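Reviewing the structure listed below.
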Amino acid sequence: MNDIVTNVVFAGLGGQGVLKASDIMAEAAFESGFDVKKAEIHGMSQRGGSVTSDVRFGERVYSPMAPVGGADFLVVLSEDQIEINQHYLAPSGKLLSENDLRDVKLPHPKSGNVALLGILSTYLNLDESIWLDAIRANLPEKIHAVNLEAFALGRSLNGAR
Amino acid sequence: MKIAERMLLSGNEAVALAALRSGVNLGVGYPGTPSTEILETLGEIGGRAQWSPNEKVALEVALGVSFSGGRALATMKHVGLNVAADPLFTAAYTGVDSALVIVSADDPGMASSQNEQDNRRYAEAAGLPMIEPADSQEAYDFFMQAVKLSERWNIPVLFRLTTRICHSKTVVQCDGATMPAATPAFRRDIKGRVMIPGYARLAHRRLRSKLAAISEWNEEGELSETVLHDRSLGIITSGVCAMHVREAAPRASMLKLGLTYPLPMRQIAEFIQNVERCVVVEEGDPFLVDAIRAAGLKIDSKSESFRFGELNSERVRLILQGEEEPDAVPRKPGKPPQLCPGCPHRNVFQILHDMDCIVSGDIGCYTLGVMPPFEAMDTCVCMGASLGVGLGLRHSLPADEARRVVSVIGDSTFIHSGITGLVEMVYNPPATGHVVLILDNGTTAMTGLQEHPATGRTLDHHRTRQVSMERLAESIGLDSVEVVEPGAMEPALTAALARNDLSLIIVRRPCVLAAGKIRQYEKAIAEDAACASCAE
């Protein structure tokens, strides 16, 4: 058994879809057959405050919390939340943020979380169909189309770099 | 929640599923982060679940179910167990017929709480067995064990979760096996259940014998896990800390305890003997450390500075290295939460700020009235305290200051423990009178929009009788009871503060997050009623 664990930390403000993004990520990893742990803090954080959620997956994962300095990916939905979460990122880790979406027009202003998942998905070796199913499973049907479009948009962005 | 053989579940969801499959006849509780989703999920997946006005009532209802021969679950956050402590301590004496499992969801680090009390202390204080799962799989498996343990020794079982268990999703695999249902029927047991001193003395002895037997059973290691790797370092731990330990010291030996009261002290002694150096890793109070040292065993422990906040694998590494301080680099705090845009409480706190009131506050979203730009709250201690503390301030302050004191409480919190404060106000009125504001947003907003007795809807949003807060207050005997919109609060408050009366102002407008949902629930209720009348 290999002990490689992929750590993704999602950060942003309450109401931006941080937890939704981490739920979709966790489900995609789970449906791909990995052991998965996902940590989050609810409660006061729902009221516009800072929110983070960690998703960890691999053959075997122990702690639900990503180690400081150990995140392979830091996905930040609000630029002002980068600085306070930077310490999670591993030296070789990749920061994905709102900034990566600055040149594109999102299908909906609230679909930034799923668009960033689209970019993230290009770095992770999970089947696209599993991602699409995870998006559908975690969002109400009436916003499926707009979010699948946002995901496709995110996926197309990485190819351009 | 989609039920399958392999699932990704939060600890709360895992407990709910285990409760359903272990045949829990009724789940009761009061919403409180991080425990709330247990009963919501239980209701959603077909179990019977209901909100009580507070945790004390919930535990009493659960105890009644279990006296009747039905299985009961009571859920609450850690501070909720303080409210339920009165029945808790004596339920330990009476014992139970069918299972009674009490979930205490602790919040080390205070993600959403007013203190970080360590409820493992309750197990020892009340004399109740306590089980602590380390992830969702164990939350599921150990819950089933808790039901069996409760019925084997006829004793309530404390099931202690923490925020990271409740709200972390981890993989759960199960075969879907269920326990045979309990069949309620009344069995008279006067000496066992009527706790007059003569019977209670006998009951206390019975309780201690049960604990001695459970301790022996715990020595067999059914709920413990011993991992012997590198003998130079051994770690004793429990709950989510065991996961941090595995990560921080994968080669170390480990004794993970699942039943942390009463402790299997022989098993612990044997483990300590098997390793060169033994460190206890636990979050919060030195609960295991104190007990193990009191047994005369030699262990290392964390330094006092690790008592504060939760642990993670990094902190566990520091503890194992014998470091004194948890965080080498102080980190910037995140953005604090605030009242939502359009929240009806915003108006209220702007007025309280502008009028320079002395605000005796309470627990809920509106506690955020303490944050800038309002900074309009002077005290907040526990559920319902706004009334008592406000009255105390009124009794003691000079008259010109006393007249500025206002008690501010939410609708759900008022039902939970504000009613007795109103009674106190009428019984012992301050010379300057007093003014209470109920900020009625029609929901238990802070914990995620749960129903309560004054909404007139049950946990699953169906119609039930509605408690009228205004009629209740009138019957208690206040001088004036008014219901106003937030926009009309200022003149009402100004007038009330100028009188020496006992005044209640209910400031009523639905929470912006709940308003749409409430309309849907009411529409569904109306449609159901129309259907029912048609069928008659």
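Taken together, the values in this text are just the output of simple stated rules run on the coordinates, not laboratory data. It should be emphasised that the depicted structure is a prediction, and the values quoted were computed from it without experimental measurement. All Cβ positions, even for glycine, are placed from backbone atoms using ideal geometry, and neighbour counts span all protein chains on display.
If each residue of separation counts as 0.36 nm, what is the full-extension length gain between B:R307 and B:Q321 once their alpha-carbon separation is subtracted?
So the extension gain works out to 3.4 nm.
Using Cα positions and a limit of under 23 Å, work out the lysines in reach of B:K298, with same-chain residues fewer than 8 apart set aside.
Answer for B:K298, where 23 Å is the Cα cut-off: B:K256, listed by chain and number.
Label 7 Å along Cα→Cβ of A:I82; segment A:6-33 residues with amide nitrogen under 17 Å?
Counting only backbone N, you get A:9-13.
Using Cα centres only, tell me the gap between segment A:105-151 and segment B:488-536 in whole Å.
Taking the Cα centre of each part, segment A:105-151 and segment B:488-536 sit 38 Å apart.
May I ask you to derive the FRET efficiency for B:K523 and A:L106 from their Cβ-Cβ distance with R0 = 45 Å, giving the value to the nearest 0.05?
Values: r = 32 Å, r/R0 = 0.72.
Once rounded, the FRET efficiency stands at 0.90.
So what is the relative contact order of chain B, in percent, for Cα pairs below 8 Å that sit 6 or more residues apart?
11 percent
Say R0 is 41 Å: what FRET efficiency, to the nearest 0.05, do B:N274 and B:D175 get from their beta-carbon distance?
Working: r = 34 Å, r/R0 = 0.83.
Approximately 0.75, to the nearest 0.05.
With θ set to phi - 60°, apply the Karplus curve 6.51 cos²θ - 1.76 cosθ + 1.60 along segment B:247-255 and write out the HN-Hα couplings as whole Hz, x wherever there is a Gly or Pro.
Working through the residues one at a time gives 6, 6, 9, x, 8, 6, 7, 8, 10 Hz.
At B:H204 and B:V227, where each label point lies 7 Å from the Cα along Cα→Cβ, what is the point-to-point distance in nanometres?
The modelled label-to-label distance comes out at 4.3 nm.
Let's test the formula: R0 of 25 Å, r as the Cβ-Cβ distance of B:A212 and B:R188. What FRET efficiency results, to the nearest 0.05? Numbers along the way, then the final one.
Working: r = 28 Å, r/R0 = 1.10.
The formula returns an efficiency of 0.35 here.
So what J values fall out for segment A:58-73 if you push phi through Karplus, 6.51 cos²θ - 1.76 cosθ + 1.60 with θ = phi - 60°, rounded to Hz, Gly and Pro as x?
Calculated HN-Hα couplings, in order: x, 5, 8, 10, 9, 5, x, 9, 5, x, 4, x, x, 6, 6, 9 Hz.
What value does segment B:342-434 have for Rg/Rh, both radii from Cα atoms and Rh as Kirkwood defines it?
Rg/Rh: 0.96.
Which of the cysteines in chain B are isolated, no other cysteine C-beta under 4.7 Å?
Lone cysteines by the Cβ rule: B:C166, B:C174, B:C241, B:C278, B:C357, B:C365, B:C380, B:C382, B:C511, B:C531, B:C534.
May I ask which residue of B:S305, A:N125, B:C241 lies farthest towards the positive end of the charge dipole of the protein assembly as shown, with charges of +1 (Lys, Arg) and -1 (Asp, Glu) on Cβ and the Cα centre as origin?
Highest projection toward the positive end goes to B:C241.
Take B:T494 and A:I4, extend 7 Å from each Cα along the Cα→Cβ direction, and tell me the distance between the two endpoints in nm.
That separation, rounded to one decimal, is 7.1 nm.
Work out, step by step, the length gained on full extension between B:D285 and B:E220: first 0.36 nm times the residue separation, then minus their alpha carbon distance; give nm to one decimal.
Full extension of this stretch gives 20.8 nm more.
Which shape class applies to segment B:21-102: rounded if a/c is under 1.5, otherwise prolate when a/b exceeds b/c and oblate if not, where a ≥ b ≥ c are the square roots of the Cα gyration tensor eigenvalues?
It is oblate, given that a/c is not under 1.5 and a/b is not larger than b/c.
Calculate for chain B the 222 nm mean residue ellipticity that helices alone would give, adding -39,500 (n - 2.57) per DSSP H run of length 4 or more and normalising by residue count, nearest 500 deg cm²/dmol. Walk me through the numbers on the way to the answer.
On the way: 22 runs with 220 residues, N = 536.
Result for chain B: -12000 deg cm²/dmol, rounded to the nearest 500.
Of all DSSP beta bridges in segment B:344-522, what percent run antiparallel (nearest 5)?
10 percent
Listing A:R56, B:R307 from the residue with the fewest other Cβ atoms within 10 Å to the one with the most, what is the order?
Going from least to most buried by this count: B:R307, A:R56.
Taking the dipole about the Cα centre of segment A:1-100, with the C-beta of Lys and Arg at +1 and of Asp and Glu at -1, give me whichever of A:Q16, A:S63, A:H87 is farthest to the positive side.
A:S63
What residues have an amide H closer than 5 Å to that of B:V103, excluding those fewer than 5 places away on the same chain, when H is modeled at 1.01 Å from N in the peptide plane?
Correct list: B:A74, B:T75, B:M76, B:F159.
Binning at 20 angstrom from zero up to the longest distance, how are the C-alpha pair distances of the protein assembly as shown distributed in percent?
P(r) for the protein assembly as shown, in whole percents per bin: 17, 48, 32, 3, 0.
On full extension of the chain, what length is gained from B:E44 through B:M355, given 0.36 nm per residue of separation minus the C-alpha to C-alpha distance?
Computed gain between B:E44 and B:M355 is 107.4 nm.
Can you tell me, using C-alpha contacts under 8 Å and at least 6 residues apart, the relative contact order of segment A:5-159 as a whole percent?
It rounds to 25 percent for segment A:5-159.
Distance between Cα centroids, segment B:383-408 to segment B:273-293: provide it in whole Å.
With segment B:383-408 and segment B:273-293 each reduced to a Cα centre, they are spaced 45 Å.
Charges only on Cβ, +1 for Lys and Arg, -1 for Asp and Glu: so what's the dipole of segment B:6-219 about the Cα centre, in debye to the nearest 20?
880 debye
For segment A:68-161, run through the GluC sites (Glu not before Pro) and keep only the ones in DSSP coil with at most 10 other Cβ atoms within 10 Å of their Cβ. Don't skip to the answer; put the middle values down first.
Working: sites: A:E79, A:E83, A:E98, A:E128, A:E141, A:E149; in loops: none.
Passing sites in segment A:68-161 do not exist.
Each label point is 7 Å from the Cα along the Cα-to-Cβ direction; what then is the distance between the points at B:Q466 and B:Q114, in nm?
2.8 nm
Report the charge-dipole magnitude of the protein assembly as shown in Debye, nearest 20, computed about the Cα centre from +1 at each Lys and Arg Cβ and -1 at each Asp and Glu Cβ. Don't skip to the answer; put the middle values down first.
Details: 66 positive and 85 negative charges, 238 e Å.
Computed charge dipole of the protein assembly as shown: roughly 1140 debye.
Helix B:344-354 against the longest principal axis of chain B: what's the angle in degrees, Cα atoms only, rounded to the nearest 10?
With both axes taken from Cα atoms, the answer is about 70 degrees.
For chain B, how big is Rg over Rh, using alpha carbon atoms and the Kirkwood form of Rh?
On the way: Rg = 25.0 Å, Rh = 25.0 Å.
That ratio equals 1.00.
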